[in-house]
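Q: Got a structure for you, written out below as structure tokens; questions coming shortly.
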Amino acid sequence: MSSYHSSFSYNGENSAKDRNLIIASFEPDNGFKETFLSVDVIQEDYYDGTKKYTYGSKYNTTSTISITVIKGNGGDFSLNEVRSHLKWLTGARVDSWLDMYYGDKFQYSFLGRVTDVQQQKLDARTIGLMITFTSISPWAYSAPQSF
């Protein structure tokens, strides 16, 4: 699933405010996309094979979020900038929160870690980074809601 939020926070830094990054996309999301809510049925066969006993179900996947970023001024990333962003994104050795924002308003969080960062190249220049975040659960977490 691709993310098109205004910004995100990860490991204590915000992509827009602290890193001057803009969330963008080099390829559109078309067609069917994974919801990450598919399940496996927990079951056993009846002794003579005529039917099955089902005991419930369990989720069989976790959320994977792709975020593509470019520089705020639309320029190329220098080697030092790429290294700095990679250190920030892949430096965590434990699960961390990925907070997603629309404008300045917090929307929801995923718990997990960045599992891949790829460079979008144009000739020998790096013009963007595609970040893959893998959550430990199939859903996001929100702040407490009041109704």
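Q: Taking every eigenvalue of the Cα gyration tensor of the chain, multiplying by 5 and rooting it, what semi-axes result, largest first, whole Å?
A: Result for the chain: semi-axes of 37, 18, 14 Å.
Q: Treating only the Cβ of Lys, Arg, Asp and Glu as charged (+1, +1, -1, -1), what charge dipole size does region 27-73 show about its Cα centre? Round to the nearest 20 debye.
A: I would put it at about 200 debye.
Q: Working from Cα positions, state the angle (0 to 90°, nearest 10) between the long axis of helix 79-90 and the longest principal axis of the chain.
A: 30 degrees
Q: Mind ranking 42-52, 125-135 by how tightly packed they are, going by the mean number of other C-beta atoms within 10 angstrom, highest first?
A: 125-135, 42-52
Q: Can you tally the net charge around residue 88? Count Lys and Arg as +1, Asp and Glu as -1, for every other residue whose Cβ sits under 15 Å from the Cβ of residue 88.
A: Local net charge: +2.
Q: Please report the spacing between the Cα centers of region 98-128 and region 11-42 in Å, no decimals.
A: 7 Å
Q: Then there is this: Ranked highest first by the average count of other Cβ atoms within 10 Å around their residues, in what order do 117-124, 20-27 fall?
A: Order by mean packing, descending: 20-27, 117-124.
Q: Taking a ≥ b ≥ c as the square roots of the Cα gyration tensor eigenvalues, with a/c under 1.5 meaning rounded and otherwise prolate when a/b beats b/c, else oblate, which class fits region 36-102?
A: Here region 36-102 falls in the prolate category.
Q: Along the charge dipole of the chain, pointing to its positive end and built from +1/-1 on Cβ of Lys, Arg, Asp and Glu, which listed residue (102, 66, 80) has its Cα farthest out?
A: Sorting the options by dipole projection puts first 80.
Q: Using only the Cα atoms of region 1-71, build the gyration tensor, take square roots of its eigenvalues as a ≥ b ≥ c, and label the shape rounded, prolate or oblate: rounded if a/c is under 1.5, else prolate if a/b is larger than b/c, else oblate.
A: The shape class here is prolate.
The numbers here are math on the coordinates, done by the rules we state, and not lab data. This one's a predicted model, so the numbers in the text were calculated from it and none came from an experiment. Here Cβ is always computed from backbone atoms with ideal geometry, including for glycine, and neighbour counts include all displayed protein chains.
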